[in-house]
Amino acid sequence: MGSRTALYDKHIAAGARIVDFGGWDMPVNYGSQKEEHHAVRQNAGIFDVSHMTIVDLQGERTQEFLRFLLANDVAKVSDPGKALYTCMLNESGGVIDDLIVYYFSPSDYRLVVNASTREKDLAWIRKHAADFCVAVNERGELAMVAVQGPKARELAAVVIDAEWRQQALTMQPFYGMHAGDLFVARTGYTGEDGWEILMPAARAGEIWDALLEVGVVPCGLGARDTLRLEAAMNLYGNDMDEDVSPLEAGLGWTIAWEPADRAFIGRGPLAEKKADANKQRFVGLLLEGKGVLRGHQKIVVEGVGEGEITSGGYSPTIERSIALARVPAGDYENAKVDIRGKLLDVRLVKTPFVRNGQIRIDV
């Protein structure tokens, strides 16, 4: 038996199929994964993401600490509640984790990191925070849900007190705000609009029930994965890890190279990788015929070399098989994938595949 969120009993009551995910007992679906996927693309779905790790950082040198710890530069954000997506790197420039950091003040920030990397993340953060006299406070008493879809904010507004509701509804993307005992952020992992809502664990069941009552559909990890794949959002452990740099994971845009004198962890090796003309490309793939693309399948580029699918699967929105992959450097648009010994045609496409309910590629 793994760890359980405050909503575990709600999942069981709703008939969820439970699986182990990073040491947590989590719902993979409540019946039809495909229907849950479409609910998010067309209306609104709710995910229990309470397994994610929430960490608050405080201290006079917190901003200085995060400018050293993270590849993106927190000094770029100065509006209270503004969020920044970034990678946390090791000394070799590999990705320890990807995370979101929220700015409250130069001495007060919040991190949301992945569940599967919790222990190593906390150990790494605490190790370096000590040098800056920064307090690291894991917020294990909080639960978290993600309400996603074109009608997500409209429907989910019911759980926000009237005093804060209009401010939350007009909040810009990639911002968060305190709304009484809730923290509401306009962020997500599906390629759709919506909120991620943090709350005291004791209130999680009440808020879950209120959202289901207004028509928000409960969704599991299965739909979360197909949605994030269509949106070309990386999954830690698949698309990047400690042996892969952000430059080879499609995350070069998350690295703040300026100012040039900011010495963040991993900068030197990362700069060497940036100058390497032979570094692998991170691309989207569309299978031209029938079949299903899966992680670790080999990609063959005739006359150039080989690569590998990092994430793949069937897209319920496009009704074709899609994938993210690392492939050899070079200028080409077609390749082949080895599926059970047969080389099938794939086309390199610009990602995201789907965003805000719209197919973004030529199928």
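At q = 0.15, 0.17, 0.18, 0.23 Å⁻¹ the log10 of I(q)/I(0) for the stretch 198-282 amounts to -0.76, -0.83, -0.88, -1.15, computed by Debye summation with a single uniform scatterer per C-alpha, solvent ignored. Scaled against 2.2 N^0.38 Å for its residue count N, the alpha carbon radius of gyration of the stretch 277-329 is 1.14.
Note on Ser107 and Asn43: the model spin-label points, each 7 Å out from Cα along the C-beta direction, lie 4.9 nm apart. Candidate values [x] 19.7, 62; [y] 20.6, 63; [z] 20.0, 67 were compared with Rg and Dmax of the Cα atoms in Å computed on the shown model; the agreeing label is [y]. Grab the other residues whose beta carbon is less than 13 angstrom from that of Ser92, score K and R as +1, D and E as -1, and report the net. Net charge in that neighbourhood comes out at -4. From the largest down, the stretch 63-137 spans 30, 24, 22 angstrom on the principal axes of its Cα atoms. Rg over Rh for the stretch 238-363 works out to 1.01, using Cα positions for both radii and the Kirkwood form for Rh.
Work through the residues other than Val337 whose Cβ is under 15 Å from its Cβ and net out their charges, Lys, Arg +1 and Asp, Glu -1.
+2
When the pairs Lys82/Lys127; Lys10/Lys290; Lys151/Lys342; Lys34/Lys342 are compared against a 31 Å limit on Cα-Cα distance, Lys10/Lys290; Lys151/Lys342 fall above it. Assuming charge only on the beta carbon of Lys and Arg (+1) and of Asp and Glu (-1), the dipole of the stretch 140-251 about its Cα centre is about 400 debye to the nearest 20.
How much mean residue ellipticity at 222 nm does the chain get from its helices, if each DSSP H run of length 4 or more adds -39500 (n - 2.57) and you divide by all residues, to the nearest 500 deg cm²/dmol? Write out the running numbers ahead of the final one.
Working: 9 runs with 77 residues, N = 363.
Roughly -6000 deg cm²/dmol at 222 nm, from the helical runs in the chain.
Averaging Cα coordinates gives a centre for the stretch 84-163 and one for the stretch 288-302; these two points are 34 Å apart.
Farthest toward the positive end of the dipole of the stretch 154-265, out of Ile207, Phe264, Thr226, is the Cα of Ile207, where the dipole comes from beta carbon charges about the Cα centre. For Phe21, the amide hydrogen comes within under 5 Å of the amide hydrogens of Met26, counting only partners 5 or more places away or on other chains and with H modelled in the peptide plane. Farthest towards the positive end of the charge dipole of the chain, among the residues Val101, Ser116, His296, is the Cα of His296, using unit charges on the Cβ of Lys, Arg, Asp and Glu.
What is the P(r) of the stretch 1-107, as percent of Cα-Cα pairs per 5 Å bin from 0? It works out to 2, 10, 15, 15, 13, 13, 14, 11, 6, 1, in whole percents. Considering only Gly305, Gly341, Gly180, the Gaussian network model of the chain with Cα springs below 10 Å gives its largest mean-square fluctuation to Gly341.
Every number here is computed from the coordinates shown, using simple stated rules; none is lab data. Here the structure is a predicted model, which means the values were calculated and not measured. Glycine also receives a Cβ, built like all others from the backbone with ideal geometry; neighbour counts cover every protein chain displayed.
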